[in-house]
Amino acid sequence: MISAGESPALIMSDGDVVSFGELHARSQRVAAVLHSAGLRPGDGVALVLPNRPEFFEITWGCQLSGLYYTAVNTHFTPDEVAYVIDDSDAKAVFVDASMADVAEHLRGANAGVTVRIAVGGTLPGWQSYDDAVAAAGDPPPVADGSEMLYSSGTTGRPKAVR
């Protein structure tokens, strides 16, 4: 019999499997990264990521540490991404390394962002996700976080739903 921690949480197309225990441990490391960077319950995090396993690690890490997280549409223009990041009051942003043009735009566009992490590679001015998670300390106390979704809006700008 397989314990709950050993049960598969993610099954990748290449056959790799991530157990719930592994996902939880990685999520705690993400929570530790964000906590050591000064984020506290109620703060915002933005994810500009396509479908990839780290998305779950990051969102669960936010949930474990009382943070609001916003998934930003990867098809948005750099200006639209910057708008959502500002509007959501994100203090940390995770961006896919394949989106160098967006990442470069965000470096100068979002003054409230203090943590910039590139997932899946390296980008100038962004910390590597793998390096950040590898150097993470102890996770913070558990607190309830949540997603912050955006509607399409009727004024031409998306509206946050908290």
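The values are calculated or read from the model by the stated rules, or taken from the named source; none is laboratory data. As the structure is a computational prediction, the values presented were derived from the model and not from experiment. Note that we place each Cβ from the backbone using ideal geometry, even for glycine, and neighbour counts take in every protein chain shown. Remember, those area values only see protein heavy atoms, side chains included, never the ligands or the DNA or RNA. Shrake-Rupley method; radii C 1.70, N 1.55, O 1.52, S 1.80 Å.
Cβ under 15 Å from LEU23's Cβ, LEU23 left aside: what net charge do those residues give with Lys, Arg +1 and Asp, Glu -1? Net local charge, LEU23 excluded: -2. Surface exposure of the range 85-162, expressed per residue as accessible area with a 1.4 Å probe, stands at 54 Å².
For the chain, the relative contact order works out to 24 percent when only alpha carbon pairs closer than 8 Å and six or more residues apart are counted. May I ask for the angle, rounded to the nearest 10°, between helix 53-64 and the longest principal axis of the chain, with both axes built from Cα atoms and the value confined to 0 to 90°? Roughly 90 degrees, rounded to the nearest 10. The DSSP beta bridges internal to the chain are antiparallel in roughly 25% of cases.
Of all accessible surface on the range 15-162 at a 1.4 Å probe, what whole percent is carbon and sulfur?
Values: 3640 of 7230 Å².
About 50 percent, which is the carbon plus sulfur part of the accessible surface.
Normalised size of the range 9-67, defined as Cα radius of gyration per 2.2 N^0.38 Å with N residues, equals 1.17.
When you count, for each residue, the other Cβ atoms within 10 Å and take the mean per peptide, how do 56-67, 97-108, 25-36 rank with the highest first? Don't jump to the answer; show the numbers that get you there.
On the way: 56-67: 24.1, 97-108: 16.8, 25-36: 22.2.
Output ranking for 56-67, 97-108, 25-36: 56-67, 25-36, 97-108.
Please compute the net charge surrounding ALA109, taking Lys and Arg as +1 and Asp and Glu as -1 over other residues with Cβ under 9 Å from its Cβ. Residues near ALA109 contribute -1 overall.
Taking a sphere under 11 Å around the Cβ of VAL72 and counting the other residues whose Cβ falls inside, with K and R at +1 and D and E at -1, yields a net charge of -3.
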